[in-house]
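Worksheet for the structure shown next.
The numbers here are math on the coordinates, done by the rules we state, and not lab data. Here the structure is a predicted model, which is why all the values come from computation and not from measurement. Here the Cβ is made from the backbone with ideal geometry for all residues, glycine too, and neighbour counts use every protein chain on show.
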Amino acid sequence: MAMVSTVFINPFSQEAKELVKASGDLDRIMEEDARLLNIIEYTRGQRLDDDSRIPGSLWEFAIKRIEWYLEKKGYQRYQPGYYRFLFNPQIAEFDVITFYVLAQAIGAKFNPNSRESRIFMESEAEIVKERLLRIESRERERVISKILREMLDSETPHWTQLEKLLENRRIKLTELILKDGEVILDKSATGRTQQVINAIREKIIPALIVQETQEYLYKVHEMAAKIEPHPILTRLAEKIRERISREFFIPKKTGARTIKASKLDFDAFPPCIKNTIKGVRAGNRNDAIVLLLTGFLSYARLYPSVFKDRKPHKVSDFDPTLNITLNEILPMIYEAADNCEPPLFQDDPQEKLNITAKLGFGLHETPSLENEGETKWYTPMSCEKIKIHLPVVCKPDSLCEKIQNPLTYYNRKRWQKKRKNEGGDKDIPRGNTRR
Amino acid sequence: MRGVIRIFQEATPEDRKKYYTREWKPEKIPAFIRENIHLREFGFDHTGQGPNDRYRFFRDEKLLKKFLRYRAPYAAYSSVALYDKPWKREGWISSELVFDVDAKDIPVRPCGCDNVCEECLDQAKEIVAMIIDTLRDDLGLQEIHVVYSGRGYHIRVLDPTILRLDSEVRGQILRYVMGGDVPRLLYTGLDGRMRSLDHFMAPLGYPRVFTERSRYIILHLSGDEKIEDITRQTMNKIMEYRDLIESDKWGEFKGVIGPRVYDRLIGSVAKLNLQLVDAKVTVDLKRILRLPSSLHSKVSMICTYVKDLESFDPLEDAVPDFVKEGS
């Protein structure tokens with residue numbers, strides 16, 4: 001087996017950066033490239049029966065890169081034979097240029113917390129994971145060692161070097177092997193212990209690359225506020241947005257969803273939510289309203305099946321005019337905030353901005369469509385987190401023992417109520433249910 | 001039991017006055033607080049209802065001394081955070097990493113007392129020693145200080161590498177140090193198949209920490225505890241065979257109680273591990289903690305900086321004069 005260049009996995013290596021620097025004419029990314037086509041044509045297992053599925057230019061390659069991920073996540077339509085070229089190491093040079101074109105287009109046009117940015121980061125993690133898996137094991141170990149040294153200067157970095165990874169929950173500290181402050185990622189162990197370390201090595205590489213990608217998107221985004229991006233990047237970003245929106249389009253009369261959005265049912269709220277709505281005393285008040293209630297009410301009302309579908313929707317996918325958000329959800333949150341002691345906004349008026357931010361509309365007084373995507377739409381806190389951060393509202397009942405998130409409680413309770421009333425419906429809501 | 005009459009009894013306003021005028025000295029506050037007193041928020045409890053008097057700020061020790069002598073508060077607290085404007089809790093600079101071990105809240109207490117006693121205070125000390133070992137040996141942290149809080153211990157870490165970590169990362173440190181997650185040790189075998197290792201088969205890093213904490217919990221069970229997912233019958237079996245764990249025969253123990261029951265047990269033990277400390281304190285960047293040197297009026301003991309954990313005896317070293325005189 002031939003040696004695999006780390007450029008194929010790590011777009012942030014010095015070699016990759018130099019390659020991109022040397023290549024750079026954005027005006028030519030729409031031109032057909034015979035070398036690229038040649039590599040694709042000679043990729044083992046590549047389907048060639050539909051020209052529209054073969055990228056001839058870097059522009060098309062960029063779109064295919066995102067499309068691969070969307071289709072893979074969507075399952076039914078996914079035909080891996082059309083995407084074999086993505087896993088051919090010979091494509092590394094084109095791939096790394098495409099990565100930067102995509103990152104610059106997305107970073108310039110969209111907020112780093114937007115759905116588009118997140119899908120790009122997720123796709124990068126998935127590509128890296130799959131590429132690593134396809135490399136022969138001994139070569140894989142060599143590549144991983146080299147990338148670890150490229151990104152962390154060592155195969156035994158200090159754990160605080162992984163601070164951003166931990167902060168963004170890309171990896172857990174309890175998944176690592178630590179000794180004297182160092183994370184053991186090298187090949188010095190033996191037997192099964194080394195095999196466990198190997199699994200950690202494989203897991204950490206995509207996490208590191210996605211973290212770097214996010215930081216790069218932030219840089220590009222900041223830069224784009226000062227310098228007008230190249231028009232071709234703006235066009236590409238628009239094309240990516242359209243392609244992603246198509247994937248998230250919800251037909252009005254869809255009936256496919258197991259757990260449908262509907263008016264909020266107070267009786268089905270879990271104890272922690274009921275206690276929060278009654279009002280919380282200072283100390284736990286801010287977290288209860290901003291971190292727990294905001295996510296819970298918005299998802300319960302608009303997208304209760306989030307843990308089942310696991311698709312990063314936006315509020316406006318379900319509430320295009322924001323009518324429900326402004327007239328149903330926010331008034332309930334604000335009322336609960338008023339019930340607190342002392343009333344939340346009296347003490348901390350800036351928490352209104354934080355509530356808007358948790359709904360995905362950035363730090364603004366009220367949500368508006370033009371700000372959507374500036375922040376992420378946060379899912380409600382898990383039971384585990386509630387127990388740590390808000391023990392005062394957590395008064396579990398028997399149903400709580402079976403679930404891991406208040407939203408799952410809500411769905412389960414609604415289903416139980418429905419079954420009691422109608423005596424039918426076999427769709428048991430799952431998602432975040434305990435084993 | 002030693003001949004101490006008034007320990008663990010509430011101090012009167014006169015006792016407090018006596019303590020702050022005759023016994024308390026600014027020098028008793030540890031240096032890591034004294035040197036940046038002007039950057040910390042102070043909070044006071046004047047009535048025994050909780051620290052309602054917050055956002056207090058003292059430019060220097062003299063002003064704090066004046067305040068304490070004059071007001072003789074029920075309890076005094078200072079922030080784990082340093083701020084540019086502590087009187088507004090604004091301009092956050094850094095926060096210590098804190099572990100709060102309260103003897104009365106230890107989830108497995110063979111003593112079974114209602115409040116705190118010598119035995120559970122010793123237990124708290126044992127837990128503190130375990131936590132410090134992990135902070136040093138695994139996380140490589142230095143500058144670890146211990147304070148006896150009156151009913152337990154505060155571990156205050158001032159290692160420069162952790163002072164600016166956010167709440168999420170502190171939560172992850174907490175789970176690591178306390179053994180809050182069941183380790184998932186997956187690996188690909190030589191035959192290419194995915195396999196997993198039990199935590200006790202990997203005696204290093206986090207799996208070792210988890211095994212140690214779980215060992216502690218299981219060996220300190222009284223047998224009367226109600227543990228999530230564990231029936232009375234299983235509990236009896238655990239109590240019968242836990243000697244195997246004492247002699248590190250985890251595999252045998254798992255075999256005896258059955259692998260499925262074992263998985264349930266270990267999941268529940270992970271939750272108990274986390275309850276050995278007050279988790280909320282560790283993740284809170286703006287927490288106020290009892291001021292070392294101040295009086296814990298509820299139990300009439302001094303919140304004391306611990307120079308040497310091994311030799312520290314709260315019933316000798318943290319008893320105020322007014323208690324000694326009255327006994």
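Please report B:ARG213, B:ARG170, B:ARG193, B:ARG71 as a ranked list, fewest other C-beta atoms within 10 angstrom at the top and most at the bottom. Kindly include the intermediate steps, with their values, before the conclusion.
Numbers: B:ARG213 24, B:ARG170 21, B:ARG193 8, B:ARG71 15.
Lowest to highest Cβ neighbour count: B:ARG193, B:ARG71, B:ARG170, B:ARG213.
Over the stretch B:185-274, what is the relative contact order in whole percent, taking alpha-carbon pairs under 8 Å and six or more residues apart? The partial results should precede the final answer.
Numbers: 63 pairs, mean separation 23.9, N = 90.
Across the stretch B:185-274, relative contact order equals 27 percent.
Under unit Cβ charges (Lys, Arg +1; Asp, Glu -1), what dipole magnitude, rounded to 20 debye, does the protein assembly as shown have relative to its Cα centre?
Dipole about the Cα centre, nearest 20: 1960 debye.
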Here Rg/Rh (Cα, Kirkwood) for the stretch A:266-422 equals 0.96
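Using a Förster distance of 22 Å, how high is the FRET efficiency between A:TYR218 and B:GLU168, based on the Cβ-Cβ distance and rounded to 0.05? Kindly include the intermediate steps, with their values, before the conclusion.
Working: r = 18 Å, r/R0 = 0.82.
Efficiency at R0 = 22 Å is approximately 0.75.
Give me the extension gain from A:GLN194 to A:GLN79: residue separation times 0.36 nm, minus the current Cα-Cα distance, reported in nm with one decimal.
Numbers: separation 115, 0.36 × 115 = 41.40 nm, distance 3.57 nm.
Gain on stretching A:GLN194 to A:GLN79: 37.8 nm.
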If each part is reduced to its alpha-carbon centroid, the stretch B:197-229 and the stretch A:48-77 end up apart, in Å, by 49 Å
If all Cα-Cα distances of the stretch B:162-269 are sorted into 10 Å bins from 0 onward, what percent lands in each bin, rounded to whole numbers? 13, 41, 30, 14, 2
Looking at chain A, which longest stretch skips every one of the GluC sites (Glu not before Pro) that is in a DSSP loop with at most 13 other Cβ atoms within 10 Å, leaving the sites themselves out? A:137-364
Mind checking B:167-179 for the average number of partner chain beta-carbons within 10 Å of each residue's beta-carbon? 5
How big is the Rg/Rh ratio for chain B, C-alpha atoms only, Rh by Kirkwood, two decimals? 1.02
State the Cα centre-to-centre distance between the stretch B:1-77 and the stretch B:154-173 in whole Å. 26 Å
Here the stretch A:334-345 yields Karplus 3J(HN,Hα) values (6.51, -1.76, 1.60; θ = phi - 60°; whole Hz; Gly and Pro given as x) of 5, 5, 4, 4, 6, 6, 6, 10, x, x, 4, 6
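How charged is the neighbourhood of B:ASP137? Take every other residue with its Cβ under 9 Å from the Cβ of B:ASP137, and add Lys/Arg as +1 and Asp/Glu as -1. Write out the running numbers ahead of the final one.
Values: positive: A:LYS179, B:ARG136; negative: A:ASP180, B:ASP133, B:ASP138.
Once positives and negatives cancel, what remains is -1.
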Mean other chain Cβ within 10 Å across B:182-190 is 5
Within 10 Å of each Cβ in A:265-276, the average number of Cβ atoms from other chains: 0
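Please report the relative contact order for chain B, taking Cα pairs under 8 Å with a sequence separation of at least 6, and give it as a percent rounded to a whole number.
Numbers: 549 pairs, mean separation 87.3, N = 327.
Dividing the mean separation by the residue count of chain B yields 27 percent.
Rounded to the nearest 20 debye, what is the charge dipole size of the stretch A:266-422 about its Cα centre when +1 sits on each Lys and Arg Cβ and -1 on each Asp and Glu Cβ?
Working: 23 positive and 20 negative charges, 210 e Å.
It works out to roughly 1000 debye.
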Proximal lysines to A:LYS387, defined as alpha-carbon separation beneath 17 angstrom and excluding residues fewer than eight positions away on the same chain: A:LYS274, A:LYS395, A:LYS402, B:LYS271, B:LYS280
Isotropic mean projected area of the C-alpha convex hull, the protein assembly as shown (nm²): 36.8 nm²
Separation in nanometres of the label points that stand 7 Å from Cα toward Cβ, at A:ASP49 and B:ASP114: 8.1 nm
Evaluate E = 1/(1 + (r/R0)^6) for A:ASP265 and A:LYS311, where r is the Cβ-Cβ distance and R0 equals 25 Å; express this FRET efficiency to the nearest 0.05. 0.60
On Cα atoms only, tilt of B:232-241 relative to the major axis of chain B in degrees: 90 degrees
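When only DSSP loop residues count, what chymotrypsin sites (Phe, Trp or Tyr not before Pro) in the stretch A:67-126 have their Cβ near at most 15 other Cβ atoms within 10 Å? Walk me through the numbers on the way to the answer.
Working: sites: A:TRP68, A:TYR69, A:TYR75, A:TYR78, A:TYR82, A:TYR83, A:PHE85, A:PHE87, A:PHE94, A:PHE99, A:TYR100, A:PHE110, A:PHE120; in loops: A:TYR75, A:TYR78, A:PHE110.
For chymotrypsin sites (Phe, Trp or Tyr not before Pro) across the stretch A:67-126 that sit outside H, G, I, E and B with at most 15 neighbouring Cβ atoms in 10 Å, the list reads A:TYR75, A:TYR78.
Sort A:LYS402, B:LYS249 so that the residue with the fewest other Cβ atoms within 10 Å of its own Cβ comes first and the one with the most comes last. Before the final figure, lay out the partial values.
Working: A:LYS402 12, B:LYS249 15.
Lowest to highest Cβ neighbour count: A:LYS402, B:LYS249.
Just how large is the dipole of chain B about the Cα centre, in debye to the nearest 20, putting +1 at every Lys and Arg Cβ and -1 at every Asp and Glu Cβ? The partial results should precede the final answer.
Details: 52 positive and 52 negative charges, 238 e Å.
Using only the charged Cβ atoms, the result is roughly 1140 debye.
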Diffing the stretch A:113-126: the Karplus 3J(HN,Hα) column from phi (6.51, -1.76, 1.60, θ = phi - 60°), in whole Hz with x for Gly and Pro, holds 9, 5, 4, 4, 5, 5, 5, 4, 5, 4, 5, 5, 4, 5
Relative contact order of chain A: what whole-number percent is it, with Cα pairs under 8 angstrom and at least 6 residues apart? 15 percent
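Which of A:LYS64, A:LYS274 comes first, and how do the rest follow, when ranked by fewest Cβ neighbours within 10 Å? Can you show the working numbers first?
Values: A:LYS64 20, A:LYS274 13.
Least crowded to most crowded, the residues run A:LYS274, A:LYS64.
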Compute the distance from the alpha-carbon center of the stretch A:362-424 to that of the stretch A:289-348, in whole Å. 10 Å
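Can you list which of the GluC sites (Glu not before Pro) found in the stretch B:1-99 are DSSP loop residues with at most 13 other C-beta atoms within 10 Å? Mind dumping the intermediate values first?
Numbers: sites: B:GLU10, B:GLU14, B:GLU23, B:GLU27, B:GLU35, B:GLU41, B:GLU61, B:GLU90, B:GLU96; in loops: B:GLU10, B:GLU35, B:GLU41, B:GLU96.
Here the sparse-neighbourhood loop sites are B:GLU10, B:GLU35.
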FRET efficiency estimate (nearest 0.05) - Cβ-Cβ, B:LEU190 to B:ARG71, R0 56 angstrom: 0.20
For A:LYS187, give me every one of the lysines with a C-alpha distance below 22 angstrom, ignoring sequence neighbours fewer than eight places off in its own chain. A:LYS129, A:LYS146, A:LYS172, A:LYS179, A:LYS203
Taking chain A as the reference, fit the longest principal axis to its C-alpha atoms, fit the long axis of helix A:406-422 to the helix C-alpha atoms, and give the angle between the two in degrees, 0 to 90, nearest 10. 60 degrees
